[in-house]
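Asks: Let me give you the structure first, and then I'll get to my questions.
The values are calculated or read from the model by the stated rules, or taken from the named source; none is laboratory data. Remember, it's a predicted structure, so these values are computed and weren't measured experimentally. Ideal geometry is used to build each Cβ from the backbone, glycine not excepted, and the neighbour counts take in all protein chains shown. These area figures cover heavy atoms from the full protein model, side chains too; ligands, DNA and RNA do not enter into them. Shrake-Rupley method; radii C 1.70, N 1.55, O 1.52, S 1.80 Å.
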Amino acid sequence: MSILFRALPSVDKVLDALTASGEFANVPRSIVREHVNGFLDVCREEIRAEVILEPEQLALENILPRMKAYIRAQSRPHFRRVLNGTGVVVHTNLGRSLLAESAVEAVTEACAHYSNLEFDLATGERGSRYSHVEELLCQVCGAEAGLVVNNNAAAVLLVLDTLCKGKEVPVSRGQLVEIGGSFRIPEVMEKSGATLREVGATNRTHVKDYEQVIGEETGALLRVHTSNYRIVGFHKEVTLEEMVALGNKHDLPVIEDLGSGSFTDFSSLRIGEEPTVQQVVGAGADVVTFSGDKVLGGPQAGIIVGKKKYIDMIKRNPMNRALRIDKMTLAALEATMRLYREPELARTEIPTLSMMFADQPSLKQRARRLANRIKKAFGDQVKVAVLDGNSRVGGGSFPERDLPTTLVAITPSLVSETALKKALLDTDPPLVGRIEHQAFCLDPRTLTDKEFALVIEALKQALQTLSK
């Protein structure tokens, strides 16, 4: 064993060989040295475990290819691209909505150059960052005014802090939702300084339930759209129209938290009825909040639209500065909103919408094309089938509603489908799918045609790893 340890090449000798190859020229030498030491430690463990038995195995020319692969793996960014083969369009864990090409270009432009972020080009004086998107938001949804913060939880917090701090806010018990990650409406309200006044029952709430608690301490009426779950059966909620009438009667603003807001009518997909922002604004809600990166298909943002007198109050809240969005988000949101001025263009150019509206014949054709490429690349290493399946919208939108799709089911010949799924998480880029029908399944709805080649490469890397 001591002979094997002495056979290990020196760190400097390895570094010289790596420098000569030029492969890691863009990686700082100190980082490369760290990874070389890490790889040599792996070799020492293999000597102790009697995996390495001959000094020749440790010759520099023999270990260099494996060492390069180790350094490449260790040098990869922690935050990186992933191939989404799950069929979940707005996949929260994989970054939610993809941006339209025009939005990506706008972000690149905003990052690479100075901009008029808070500079009025007409006067040469300081301007407002909200001016870049406010008019577009109002044009699309019909509101009087709008502003944008960093996510919808922040939007709800800011609205309540502005309009309801130190006051009571009645909320139906059936609307005390958990947004995700343990963020709950009661907790957001508590942080805002508003006092929650629960009304009604979990499954049924009436106008009279609100009437009974409205008093001098009431600051506003809040409706929370239950976009991430459903109550079915013996159920009733006060409609927005009824709430607006009640708010007018008592001179109270009506706040509608739409959660996953949308400017698009999805009724043709037959996945359930969801109110659009335009409908909610048209029904008379005074303030409406919703997310930018769910079915709207833009960047992460909390969008607030509504009556000008309330939006102006919210803009003046000092907390607004702590929750404001940056130039990259503004650039992406403006570009996305420009697409919404032409609804058909939005459905084509915004990836979230184009994925959702993808029809079954085209999905089946694309699934067959991918399946044929996999069969051709791997032969008898895998069995490949094309099966009917379902996609999900995701992101807390349209819960328990499926979109019909066609799956590519892959069954490895020598290992389990679970082992393949795990190995694909370590490929470059990683490929994420799901286990169904005792196979590893890919849904073409969330994979572009350009990504098919990357899918083949990921499968090749995973199967090579599993065959060792």
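Asks: Cut-off under 16 Å on the C-alpha distance; same-chain residues fewer than 8 positions from Lys249 excluded. Which lysines are left, in chain and number order?
Replies: Candidates past the 8-residue exclusion: Lys208.
Asks: Next question, about the same structure. Could you pull out which residues in segment 310-334 have an amide N less than 19 Å from a spot 7 Å beyond the Cα of Thr123, following the Cα-Cβ vector?
Replies: Those under the cut-off are 312-313, 315-317.
Asks: Test of understanding: what is the full-extension gain from Gln212 to Asp312, defined as 0.36 nm times their sequence separation minus their Cα-Cα distance?
Replies: Working: separation 100, 0.36 × 100 = 36.00 nm, distance 3.05 nm.
Answer, rounded to one decimal: 32.9 nm.
Asks: Also, I was wondering about something else. Between their Cα atoms, which of Lys167/Lys309; Lys294/Lys450; Lys307/Lys327; Lys167/Lys191; Lys383/Lys421 are more than 21 Å away from each other? List each step's numbers first, then the result.
Replies: Details: Lys167/Lys309 19 Å; Lys294/Lys450 23 Å; Lys307/Lys327 25 Å; Lys167/Lys191 13 Å; Lys383/Lys421 15 Å.
Over 21 Å Cα-Cα: Lys294/Lys450; Lys307/Lys327.
Asks: Note the full-extension length gain between Val11 and Ala25 as 0.36 nm times their separation in residues minus their Cα-Cα distance, in nm to one decimal. Walk me through the intermediate numbers first.
Replies: Details: separation 14, 0.36 × 14 = 5.04 nm, distance 1.69 nm.
Between Val11 and Ala25, full extension yields 3.4 nm more.
Asks: Projecting each Cα onto the charge dipole of the chain (Lys/Arg +1, Asp/Glu -1 at the beta carbon, about the Cα centre), which of Gln57, Gly146, Val90 comes out farthest on the positive side?
Replies: With unit charges placed on the Cβ atoms, the residue in question is Gln57.
Asks: Follow-up. May I ask you to give the solvent-accessible area per residue for segment 262-377, in square angstrom, as obtained with a 1.4 angstrom probe?
Replies: Working: 5150 Å² over 116 residues.
In whole numbers, segment 262-377 has 44 Å² accessible per residue.
Asks: Using a probe radius of 1.4 Å on heavy atoms only, what accessible surface per residue do you get for segment 74-212? Whole Å² is fine.
Replies: 53 Å²
Asks: Pairing the Cα long axis of helix 152-164 with the longest principal axis of the chain, what angle in degrees results, from 0 to 90 and rounded to the nearest 10?
Replies: The two axes meet at around 30 degrees.
Asks: Computing the accessible area with a 1.4 Å probe over protein heavy atoms, can you report the carbon and sulfur percentage for segment 328-455? Spell out each step's value before the answer.
Replies: Working: 2970 of 5990 Å².
C and S fraction of accessible area: 50 percent.
Asks: Tell me, what % of the accessible area of segment 108-249 is carbon and sulfur with a 1.4 angstrom probe? List each step's numbers first, then the result.
Replies: Numbers: 3540 of 7230 Å².
Looking at segment 108-249 in its full context, I get 49 percent from C and S.
Asks: How big is the equivalent ellipsoid of segment 306-417 along its three axes, where each semi-axis is √(5λ) from the Cα gyration tensor, reported in whole Å from largest to smallest? Provide the component values of the computation, followed by the final result.
Replies: Details: eigenvalues 383, 59, 42 Å².
Its equivalent ellipsoid spans semi-axes of 44, 17, 14 Å.
Asks: If I ignore ligands, DNA and RNA and count only protein heavy atoms, how much of His35 is accessible to a 1.4 Å probe, in Å² to the nearest 10?
Replies: Counting only protein heavy atoms, His35 exposes about 20 Å² to solvent.
Asks: Okay, moving on. On average over all directions, what projected area in square nanometres does the chain have, based on the convex hull of its Cα atoms?
Replies: Working: hull surface 114.0 nm².
Average projection, Cα convex hull of the chain: 28.5 nm².
Asks: Let me ask you something else. For segment 130-168 and segment 309-343, compute the distance between their C-alpha centroids and round to whole Å.
Replies: Using only Cα atoms, the two centres lie 8 Å from each other.
Asks: Segment 11-66: which trypsin sites (Lys or Arg not before Pro) are DSSP loop and have at most 11 other beta-carbon atoms within 10 angstrom? Walk me through the numbers on the way to the answer.
Replies: Details: sites: Lys13, Arg29, Arg33, Arg44, Arg48, Arg66; in loops: none.
Here no trypsin sites (Lys or Arg not before Pro) fit, given the DSSP loop and packing criteria.
Asks: Output the relative contact order of the chain, whole-number percent, from Cα pairs under 8 angstrom with separation of 6+ residues. Don't jump to the answer; show the numbers that get you there.
Replies: Values: 819 pairs, mean separation 87.7, N = 468.
Reported as a whole number, the value is 19 percent.
Asks: On to the next question. Keeping all protein chains in place, calculate the accessible area per residue for segment 397-468 (probe 1.4 angstrom), answer in Å².
Replies: On the way: 3290 Å² over 72 residues.
Result: 46 Å² of accessible area for each residue.
Asks: Which of the GluC sites (Glu not before Pro) found in segment 205-305 are in a DSSP loop and have at most 16 neighbouring Cβ atoms, other than their own, within 10 Å?
Replies: Values: sites: Glu211, Glu216, Glu217, Glu237, Glu241, Glu242, Glu256, Glu273; in loops: Glu216, Glu217, Glu237, Glu273.
Loop-located and lightly packed - Glu216, Glu217, Glu273.
Asks: Let me ask something else. GluC sites (Glu not before Pro) within segment 1-100: which are DSSP loop residues with at most 14 other Cβ atoms inside 10 Å? Show your work: numbers first, answer last.
Replies: Working: sites: Glu23, Glu34, Glu45, Glu46, Glu50, Glu56, Glu61; in loops: Glu23, Glu50.
Listed in order of number, the matching sites are Glu23, Glu50.
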